[in-house]
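J.: Quick one: structure below, then a few questions.
The values are calculated or read from the model by the stated rules, or taken from the named source; none is laboratory data. Just so you know, these numbers come straight off a predicted model, no measurement behind them. Here Cβ is always computed from backbone atoms with ideal geometry, including for glycine, and neighbour counts include all displayed protein chains.
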Amino acid sequence: MPTIKLKLQVMCGDSIAIGPGKAELLDHIKISGSIAGAARNMGMSYRRAWQLVDVMNRCWQGRVVETVPGRASGGAQLSELGTTILFRYRALQHSLDTCAAQNDWHDLTTLIRDKPLDYQPADTSVSLAE
């Protein structure tokens, strides 16, 4: 059955400052206390996780994730700014989901197939008159 899925992305130029994947990464960093632990929990390479953190830290007006170097005492945590960004992102995503559910946008799903056709049909015109 077709569904509506809204994907919220906050852009910084051509870069995604935060989106669903980066928000999930921040959640995992908050829980695990490290970028490596967050990456492991998400099934992502450490290098990829670090690249995502780097983009976030370069997009916002301050560091989103703060790191402490070193094996024994090393780790990562969300900065105050990072915590605020994650909270506001989640609130905005919730607002979008609520809006979609409450404003009959789900009616759009009546116009979509359950899955794509294997080929494009010759006649693609559809009458929407009621």
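J.: So which residues in the stretch 67-78 are crowded, with 16+ Cβ neighbours inside 10 Å and modelled with pLDDT of 95 or more, if there are any at all?
T.: We begin by selecting, within the stretch 67-78, every residue crowded, with 16+ Cβ neighbours inside 10 Å; these are 67, 75-76, 78.
Of everything in the stretch 67-78, those that are crowded, with 16+ Cβ neighbours inside 10 Å and modelled with pLDDT of 95 or more turn out to be A76, L78.
J.: When both residues are 6+ apart or on different chains and their Cβ atoms are under 7 Å apart, which pairs have a first residue that lies in the stretch 23-38 and is at positive phi, and a second that is modelled with pLDDT of 95 or more?
T.: Hits for this filter: G33/A76; G33/Q77.
J.: Which condition from (1) at pLDDT below 95; (2) outside any loop (DSSP other than H, G, I, E, B) is the one that S125 breaks?
T.: Single failed check for S125: (2).
J.: A further question on this structure: Among the residues in the stretch 84-92, are any of a type in the set (K, R), more than 16 Å from the chain's Cα centre (by Cα), within 25 Å of K7 (Cβ to Cβ) and in a helix (DSSP H, G or I)?
T.: no
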